[in-house]
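Student: Supplied in C-alpha cells, the structure appears directly below.
The values are calculated or read from the model by the stated rules, or taken from the named source; none is laboratory data. Predicted model, so just to flag it, every value in this text is computed and none were measured. Ideal geometry is used to build each Cβ from the backbone, glycine not excepted, and the neighbour counts take in all protein chains shown.
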C-alpha cells in the first residue's frame, strides 16, 4: 500500500472489539473508535490486514586458506535475513467528503484470505522465524496515509480441515544377538482426533499383539516432538526440532499374549506456554510439523534388522479460535 505514512497527535483511534485470534477464511466483524481534535477533509477510513514471513540467521564466514588448501571458519558471525509478504487485504470502513472533530464509532467487516499459513514464532541460538499478522486502522487522504492503530492477530490455517480419527499399525520382526529370530510383534494405535490447541489432552488407544513373539513387552514410550525447516534459499534449508514431552508407561505384555484398548494420554498443558505461538504451519519460507512417536520397550537387545515396534503420527497444533469459519474452505497443507 503506497503513500506517505505519518503520525499525528490530532487523530487517535483504537479497536473496541476482542478479535485477537481467527481462522483463515473466516470473517472478522468488529468496531473501532476514532477521536479527531480537528476537522479533516475528504478521505477514507480502512481496515488493513497484513501478513509477513521473516527469517534470520547467522553463520560463520568461510575463508579459503590458499597456503594450506583448506577452508577455515572465522570467528565473525554474518547476519542474514529474508522476508516475504504473505497477504495484504483492505476493507473500506468509511468514505467521507469531510469528517468533523470529536469521537466517531464505526463497524467493520473483513474476510481473511483462505490460503494463508498459521501464525508462527520460533527463536533458537542464531535463528529466528516468524509469521506475523496485523490488523490496522488506516486513514487515507489525498496526500497522506496514516496508521492510527494496530494490533496483532493469531491466525490458524489448520482448524479449517476436518478433525478426524486416525489409525496406524506396525509389524516388527524381532531379532537379537547372532540374528536369532524372536518372532513378530504388532502394534495398532487409534488417535481420537488429530488437531489440538496448546492446552489439550491427547488421547489414544493401543492394541499390542505379542502372541507370536518370544520376547516380553516391558513398557511403552511416547514422545511428542516437532520438526521444522527454514528455507534460506532455493537450495538451502536450516533444520530445527525439539522433543516436548516424553512419557514412559510400565505395562508388561508377556510373550504369547495380547493387550487391547490400552488408553494413554499426553497433557499438552505442561508445554502450553512454549506451544503458544509455535503452531503447525506450512508456508513459503517456514515449515513446522508435529508428531507423536509410540515405541515398545522389549526384552533383549534387538540387532541387525530387528527393531522394536514404533509408530509416528502427524498431529496439528493450532491456536484456539472463537471466530466462525466459512463453509467449504479447507486449505491444502
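Student: Taking segment 193-237 as the region of interest, how many residues are farther than 17 Å from residue 247 by Cβ and out of contact with any helix residue (DSSP H, G or I) (no Cβ under 7 Å at 6 or more places or on another chain)?
Tutor: Matching residues across segment 193-237 total 23.
Student: To continue, here is another question. Enumerate the pairs (first residue in segment 233-257 and over 15 Å from residue 294 (Cα atoms) and assigned by TED's automatic domain parsing to the domain that holds residue 299; second residue anywhere and at pLDDT 90 or above and surrounded by fewer than 15 Cβ atoms within 10 Å (Cβ to Cβ)) with beta-carbon separation below 8 Å, excluding pairs fewer than 6 apart on the same chain, so at least 6 apart or on different chains.
Tutor: From segment 233-257, the pairs are 239/227; 240/227; 241/227.
Student: Consider only pairs whose beta carbons are under 6 Å apart and that are at least six residues apart or on different chains; among these, list those whose first residue lies in segment 305-328 and is exposed (fewer than 15 other Cβ atoms within 10 Å of the Cβ) and whose second residue is modelled with pLDDT under 65 and not in a loop (DSSP other than H, G, I, E, B).
Tutor: So the pair list comes out empty.
For (1) out of contact with any helix residue (DSSP H, G or I) (no Cβ under 9 Å at 6 or more places or on another chain); (2) at pLDDT below 85; (3) assigned by TED's automatic domain parsing to the domain that holds residue 192; (4) over 22 Å from residue 248 (Cα atoms), each residue gets a yes or a no:
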{"residue": "264", "(1), (2), (3), (4)": "yes, no, yes, no"}
{"residue": "272", "(1), (2), (3), (4)": "yes, no, yes, no"}
{"residue": "282", "(1), (2), (3), (4)": "yes, no, yes, yes"}
{"residue": "303", "(1), (2), (3), (4)": "no, yes, yes, yes"}
{"residue": "325", "(1), (2), (3), (4)": "no, yes, no, yes"}
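Student: Quick check on segment 213-231: of everything there that is part of a strand (DSSP E or B) and over 17 Å from the mean Cα position of the chain (by Cα), which residue is modelled with the lowest pLDDT?
Tutor: Filtering first and then ranking leaves 213.
Student: Check whether at least one residue in segment 232-248 is assigned to a strand (DSSP E or B), modelled with pLDDT of 90 or more, farther than 30 Å from residue 80 by Cα and over 23 Å from the mean Cα position of the chain (by Cα), and report yes or no.
Tutor: For segment 232-248, residues assigned to a strand (DSSP E or B), modelled with pLDDT of 90 or more, farther than 30 Å from residue 80 by Cα and over 23 Å from the mean Cα position of the chain (by Cα): present.
One line per residue, one yes/no per condition, for (1) at pLDDT below 90; (2) surrounded by 10 or more Cβ atoms within 10 Å (Cβ to Cβ):
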| position | (1), (2) |
| --- | --- |
| 66 | yes, no |
| 73 | yes, yes |
| 85 | no, yes |
| 113 | no, yes |
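Student: Let me ask something else about it. May I ask you to list the residues in segment 252-267 that are within 33 Å of the chain's Cα centre (by Cα) and either at positive phi or surrounded by 16 or more Cβ atoms within 10 Å (Cβ to Cβ) (or both)?
Tutor: 261, 264, 266, listed by residue number.
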